[in-house]
Structure formats: structure tokens, C-alpha cells
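K.L.:
Sharing a structure with you now.
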């Protein structure tokens, strides 16, 4: 099943079915980019650990980190590093967020398959999202107003785009904000004049991924940072993982288990040491 089908809802929320024998539960919340990794790995993890139930929901990196700070989840999924204001809020609550990188990802700008534009520069992307370039004909495409699709501000994907592409320049007020990668894919697929951005694992035939600055969004380019919009994907725990949470983290980092799941859904496994 494609990621687009798995993550078609605007805000993803899923509780993986628990085995009847489950005696403990790990609540996991956050990034819709990390969500498919956790869903895929979670099914296999629970099959191996029938006494542990994983309750998994999306909603964005910011919401996941907030839930961890508020004690509403044991694991926060995030497609960005924790922010200073979040670290301060955590300290005020006596929470000590510890990050574990579980995958690499490339954020890929996407357009409708009928759009003849196949490559843009970082500067062109920034000008499109700032509202300075407004028509595809100004980029060598057909005459048509560019419809700018963005992730919402609670998204770690938005934060990375804001930092790596926008260089802290404000995204134009008229951008259509979406709550998930899947929602971005759906919006682009329905509009030949739209442009958006999603995690590498979400690419499918309903959209076309662009090259940026002449570079392809490959696994090697993401890990080496040759691809200009690459990042690590994280989970956060309160302190070093312990007990059942440590079992989950160990599974996610195992090259033959969780890291295999990462590759199976189109993301990039962590380099082996």
C-alpha cells in the first residue's frame, strides 16, 4: 500500500490494533513524516512483543513534543530537532527530552505530473514561497498562477523548509497550509498549477518530484547533505529510554528489523557504524 493511501487524512491518527495479551501500553504521538515508520515498525514490534501495545497518532512534530512535555505520551515523533522554547518548557516541567535519530529523509518539492517544470534552484523555490514569483511562465512553464501549498506551522517539515529553503523568510500569507504529507500530495494531484513539498517516502505517481540546484533527492545525497533539503528523523523520550520503551528503540535501530522497515517504506536507514 502506498504512503499516500496510508496517510490520506489531513491529520493522521491511528492506534495500531493491540494483541489480546497486551499488558502494557506505549503512547506515541507527533510527526506525520515519522508516522509511517512507526506504523510499519510498530506492527512487527508488537508481533514480537505481544505483551506491549503501541498507541500511535500523528498531528505534527510540535504537538508530539508538547505531548511529551505534558506527560501525554512516552515517545514523541519529530522531523526536526527540539526548539529552545520547547527545551525550556520541558525543563520547567522536569522533563528531559532525549533525541534518537531513527532515519534520514529528503524533503522534496513536488508539482503536478502535467507541469513541464522538472528542476528549480533553491533561490527560485524561496521566491515562489515568498510570493515573489507568481506565474509558471516566469520559470519557463505554461501561463498559470502558481498555487503554493505548504505544511502548517506545527509541522517539523515546515520548520525544516523554513530554515533550509526560506532562510527564515516568511512564507507568503496566501499559501494553502496542509496538516500532513498526505494532504499535500492530494492537493498537488488535483491542481496542475500547484507546488508543494513532502518527505521522500511520500513520492508517488500522482505527483512529480523536482531536482533542486541540479541535485537528485537520493539516499546518498540526503546522508551526505548534497541534497540541500535533508534532515534526520527523530523520536524523543523523557530521559534515556528504559523498559518497554528501550525495547522499542532497540528494535527501531536494529539494521535487520526497524531499519529494514525504514527502507521498506521509502525512507533512508541510518548509516551503519
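K.L.:
Only one of 104, 45 is farther than 15 Å from residue 158 by Cβ, assigned to a helix (DSSP H, G or I) and either at pLDDT below 95 or touching a helix residue (DSSP H, G or I) at 6+ places or on another chain (Cβ under 7 Å) (or both). Can you tell me which? Give the derivation first.
P.N.:
On the way: 104 fails: assigned to a helix (DSSP H, G or I).
Of 104, 45, the one residue that is farther than 15 Å from residue 158 by Cβ, assigned to a helix (DSSP H, G or I) and either at pLDDT below 95 or touching a helix residue (DSSP H, G or I) at 6+ places or on another chain (Cβ under 7 Å) (or both) is 45.
K.L.:
Applying the selection to region 73-99, what residues are within 13 Å of residue 236 (Cβ to Cβ) and in a loop (DSSP other than H, G, I, E, B)?
P.N.:
Answer for region 73-99, where residues must be within 13 Å of residue 236 (Cβ to Cβ) and in a loop (DSSP other than H, G, I, E, B): 73, 74, 79, 80, 81, 82, 83, 95, 96.
K.L.:
Further question: Scan region 139-161 for residues that are at pLDDT 95 or above, more than 19 Å from residue 214 (Cα to Cα) and out of contact with any strand residue (DSSP E or B) (no Cβ under 8 Å at 6 or more places or on another chain) and report the count.
P.N.:
Adding up the residues that qualify gives 1.
K.L.:
Oh, and also: For region 58-68, which residues satisfy the criterion of being touching a helix residue (DSSP H, G or I) at 6+ places or on another chain (Cβ under 8 Å) and either crowded, with 24+ Cβ neighbours inside 10 Å or more than 22 Å from residue 162 (Cβ to Cβ) (or both)?
P.N.:
Hits for region 58-68 are 58, 60, 61, 65, 68.
K.L.:
Exactly one of (1) modelled with pLDDT under 95; (2) over 22 Å from residue 185 (Cα atoms); (3) within 19 Å of the chain's Cα centre (by Cα) is unmet by residue 9. Its number?
P.N.:
Tallying (1) modelled with pLDDT under 95; (2) over 22 Å from residue 185 (Cα atoms); (3) within 19 Å of the chain's Cα centre (by Cα), residue 9 fails exactly one: (2).
The values are calculated or read from the model by the stated rules, or taken from the named source; none is laboratory data. Values in this document were obtained by computation on a predicted structure and should not be read as measured data. So basically every Cβ, Gly included, is an ideal-geometry build from the backbone, and we count neighbours across all protein chains shown.
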